[in-house]
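Structure first, commentary second.
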Amino acid sequence: MYKLFLRGAFVALLFAACQPADKKEEATAEPKMDKYEELNSKYTSVKLTTDISKLSESHKQMIPKLVEVAQIMDKLFWYEAFGEKESLLDTISDSGAKRFAEINYGPWDRLNGNQAFIDGVGEKPEGANFYPQDMTKEEFEAAELEDKASLYTFIRRNDEGNLESIPYNKMFKEDITRAAQLLTECSELAENPELKKYLALRAEALLTDDYYNSDIAWMDMKTNQLDMIVGPIETYEDQLFGYKAAHEAYILVKDMDWSKKLSKYAELLPELQKGLPVAAEYKAETPGTDSQLAAFDVIYYAGDCNAGSKTIAVNLPNDEEVQLKKGTRRSQLKNAMKAKFDKILVPIADLLIAEEQRKHITFDAFFANTMFHEVAHGLGIKNTINGKGTVREALKENASALEEGKADILGLYMITKLHEQGEVDGDLNDYYTTFMASIFRSVRFGASSAHGKANMIRFNFFKEMGAFQRGEDGYYTINYDKMTDAMNALSEKILMLQGNGDYEGVGKLVDEKANIGAELQGDLDRLSTAGIPVDVVFEQGVEVLGL
């Protein structure tokens, strides 16, 4: 069993509401939310369901086991993000504070730059719980540890006080063994041979920290209806170096009809890569041609993907070797996406987008923008052109934010080009207007989020290039011609920064543009005052599904 990595003692304090001096005013005033009611109001609740009548009996038997695997991943992510879950929650008596800590997997508000929301808690370590709190970057870089930059090792101090690495499969042995057993049982239940093979290999991967074969098997799955993404995957939580992958899980039910409609776009990827608006050396790599586009209803989130802002589409695997050999799968989480569109994006547009342009806010455009964001992750370049290694290694803690920015802007670029070729239907202004409204949605994720940083950079870049203007009435109007110019310029800039592995250049871009000015902050405050949630939380599980 892994040990608690202590963060210092603290006590959760409760506050009494201030009594108004004027009793007459008290009788007529609207009741004010307390601190934690206000924090929890950032999220709106959504039930994760699907039509289970379409699932086979073996699928229905597998889902409770997969949910248990996901809950194990949730436990592991708690440790990676904070430490032992109960060491925090058992100290909190206020139910609202406890609920907000559960949403954030710790005492730091992920939608507010990881600011502590419980008194007595210090700043969140940039390296979360992957590294010793007292470790400096210089000490890490000087340490002679062969696998120190591995995605799947913790860095700890040994009895002599020196740094050592501990593999995930050793740190989490008991829990990983149980998760692997459950996946093996699901493999035995699976009727689809592709799913059967993947689950068996993923069980083995959890035990060995070698995910290559299971990633290949996952990419080979095309006829399965039930799916699961599970393991240590994204590196967002490690904001010190961006090296360490965090555990998460999605349980997915494939929408076979929607997926069939999307399949044609995968065939266009090689030509889209050739047409990127950058010099040839920055697009010389050829992504795998086996890339897939698919739509799913997601029925369970756990761990990293469930912390703070929720993912509505995923592009995996992240392994550069797998991407170059097989491509990636862009999975659209349709039910979660629709919930965010209805409950968040449409109300934002009503409050911030000029009335004459609101007709261009459509779910089809939102779906396409999100889908091509994921497509764009597979484009561009994975290895620097000047011997600095992979883009992820060269750009370190800024790699994730720049990659998300690339995916956003190249996704819009591809929609523009495909629309010109007649491959995408509808009014191009629908995609541009919905894209602009989505910046306001995503910038609210805050500076601690790679997606939030990417959107701040894009907002300020677009503003400087005149892609939109804000009227005195507080409504934004998009200049469609200038937005195209801004899109091309930002695409080129990001692709060159990645290809050059320009760590200093990316740092400068983040410092100068990943910030929220006073005017924008005022507009975001208007969204909060209007009660528009920032994101969603899920009611999920076997009972919600009716199993």
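The values are calculated or read from the model by the stated rules, or taken from the named source; none is laboratory data. Source: prediction; values computed, not measured. Every residue, glycine among them, receives a Cβ derived from its backbone with ideal geometry; neighbour counts consider all protein chains shown.
Just to check your reading of the model, which residue among L189, L182 is more than 30 Å from Y36 (Cβ to Cβ) and touching a His at 6+ places or on another chain (Cβ under 9 Å)?
Only one candidate passes the filter, namely L189.
Taking the criterion of being assigned to a loop (DSSP other than H, G, I, E, B) and surrounded by fewer than 16 Cβ atoms within 10 Å (Cβ to Cβ), the residues of segment 520-547 that qualify are A530, G531, G546, L547. For I92, the conditions (1) more than 27 Å from R392 (Cβ to Cβ); (2) crowded, with 19+ Cβ neighbours inside 10 Å; (3) without any contact (Cβ under 8 Å) to a residue 40 or more places away in the chain all hold with the exception of (3).
For beta carbons closer than 6 Å, sequence separation of 6+ or different chains, a first residue in segment 150-162 that is without any contact (Cβ under 8 Å) to a residue 60 or more places away in the chain and a second that is assigned to a loop (DSSP other than H, G, I, E, B), the qualifying pairs are I155/Y131; R157/P132.
Kindly indicate whether Q133 is within 30 Å of K35 (Cα to Cα), polar (S, T, N, Q) and free of Cβ contacts under 8 Å to residues at least 24 places away in the same chain. Don't jump to the end; show me each part of the working.
Details: within 30 Å of K35 (Cα to Cα): yes; polar (S, T, N, Q): yes; free of Cβ contacts under 8 Å to residues at least 24 places away in the same chain: no.
So Q133 does not fit the description; no.
Report yes if E80 is of a type outside the set (S, T, N, Q), assigned to a helix (DSSP H, G or I) and surrounded by fewer than 19 Cβ atoms within 10 Å (Cβ to Cβ), otherwise no. No; evaluated as a whole, the condition is false for this residue.
Counting the residues of segment 477-487 that are surrounded by fewer than 17 Cβ atoms within 10 Å (Cβ to Cβ), assigned to a helix (DSSP H, G or I) and touching a residue at least 12 places away in the same chain (Cβ under 8 Å) gives 4. The numbered conditions (1) buried (at least 22 other Cβ atoms within 10 Å of the Cβ); (2) at pLDDT below 95; (3) of a type outside the set (S, T, Y); (4) over 15 Å from the mean Cα position of the chain (by Cα) are all true for I353 except (2). Quick one: which of F140, F154 is in contact with a strand residue (DSSP E or B) (Cβ under 8 Å, 6 or more places away or on another chain), part of a strand (DSSP E or B) and crowded, with 18+ Cβ neighbours inside 10 Å? Of the residues listed, the single one that is in contact with a strand residue (DSSP E or B) (Cβ under 8 Å, 6 or more places away or on another chain), part of a strand (DSSP E or B) and crowded, with 18+ Cβ neighbours inside 10 Å is F154. Applying the condition of being of a type in the set (A, V, I, L, M) and within 25 Å of the chain's Cα centre (by Cα) to segment 452-465 and asking which residue is nearest to N369 (Cα to Cα) yields A454. Here N169 does not qualify as in a loop (DSSP other than H, G, I, E, B), touching a residue at least 40 places away in the same chain (Cβ under 8 Å) and surrounded by 15 or more Cβ atoms within 10 Å (Cβ to Cβ).
Only one entry of L14, L6, L55 meets the criterion of being hydrophobic (A, V, I, L, M, F, W, C), within 30 Å of M256 (Cα to Cα) and at pLDDT below 95, and that entry is L55. Cβ separations smaller than 8 Å between residues 6+ apart or across chains give the following pairs from segment 296-313 residues that are at positive phi and modelled with pLDDT of 95 or more to residues that are of a type outside the set (A, V, I, L, M) and not in a loop (DSSP other than H, G, I, E, B): G303/D74; G303/F77; G303/H247; G303/E248.
The condition of being closer than 30 Å to F241 by Cα, touching a residue at least 24 places away in the same chain (Cβ under 8 Å) and surrounded by fewer than 15 Cβ atoms within 10 Å (Cβ to Cβ) holds for only one of G501, G517, that being G517.
Contact annotation: residue pairs with Cβ atoms under 9 Å, 6 or more positions apart or on different chains, pairing a residue in segment 382-411 that is closer than 25 Å to I439 by Cβ with a partner that is surrounded by fewer than 20 Cβ atoms within 10 Å (Cβ to Cβ) and aromatic (F, W, Y), are L395/Y503; N398/Y503.
Residues checked against (1) part of a helix (DSSP H, G or I); (2) within 29 Å of F468 (Cβ to Cβ); (3) not hydroxyl-bearing (S, T, Y):
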{"site": "K343", "(1), (2), (3)": "yes, yes, yes"}
{"site": "Q357", "(1), (2), (3)": "yes, yes, yes"}
{"site": "G380", "(1), (2), (3)": "no, yes, yes"}
{"site": "K388", "(1), (2), (3)": "no, no, yes"}
{"site": "E393", "(1), (2), (3)": "yes, no, yes"}
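Within segment 466-476, the residues that satisfy the criterion of being surrounded by 15 or more Cβ atoms within 10 Å (Cβ to Cβ) and either over 28 Å from the mean Cα position of the chain (by Cα) or of a type outside the set (A, V, I, L, M) (or both) are F468, R470, Y475, Y476. Entry remark, segment 54-77: residues being more than 15 Å from R178 (Cβ to Cβ), surrounded by fewer than 23 Cβ atoms within 10 Å (Cβ to Cβ) and either of a type in the set (D, E, K, R) or under 19 Å from the mean Cα position of the chain (by Cα) (or both) number 3 in total.
For every residue, the table says whether it meets (1) part of a strand (DSSP E or B); (2) surrounded by 21 or more Cβ atoms within 10 Å (Cβ to Cβ); (3) more than 16 Å from the chain's Cα centre (by Cα).
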| site | (1), (2), (3) |
| --- | --- |
| I233 | yes, yes, no |
| E237 | no, yes, no |
| A249 | yes, yes, no |
| L252 | yes, yes, yes |
| D257 | no, no, yes |
| K261 | no, no, yes |
| P270 | no, no, yes |
| P277 | no, no, yes |
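For segment 96-123, how many residues meet the condition of being in contact (Cβ under 8 Å) with a residue 24 or more places away in the chain and more than 16 Å from K42 (Cα to Cα)? Counting residues in segment 96-123 that are in contact (Cβ under 8 Å) with a residue 24 or more places away in the chain and more than 16 Å from K42 (Cα to Cα) gives 6.
Residues in segment 306-323 that are touching an Asp or Glu at 6+ places or on another chain (Cβ under 7 Å), more than 18 Å from G452 (Cα to Cα) and of a type in the set (A, V, I, L, M, F, W, C): V322 only.
Of all residues in segment 100-125, those that are part of a loop (DSSP other than H, G, I, E, B) and either of a type in the set (G, A, S) or crowded, with 18+ Cβ neighbours inside 10 Å (or both) total 15. Only residues that are over 16 Å from D319 (Cα atoms), touching an Asp or Glu at 6+ places or on another chain (Cβ under 9 Å) and outside any helix (DSSP H, G or I) were counted across segment 192-221, and they come to 1.
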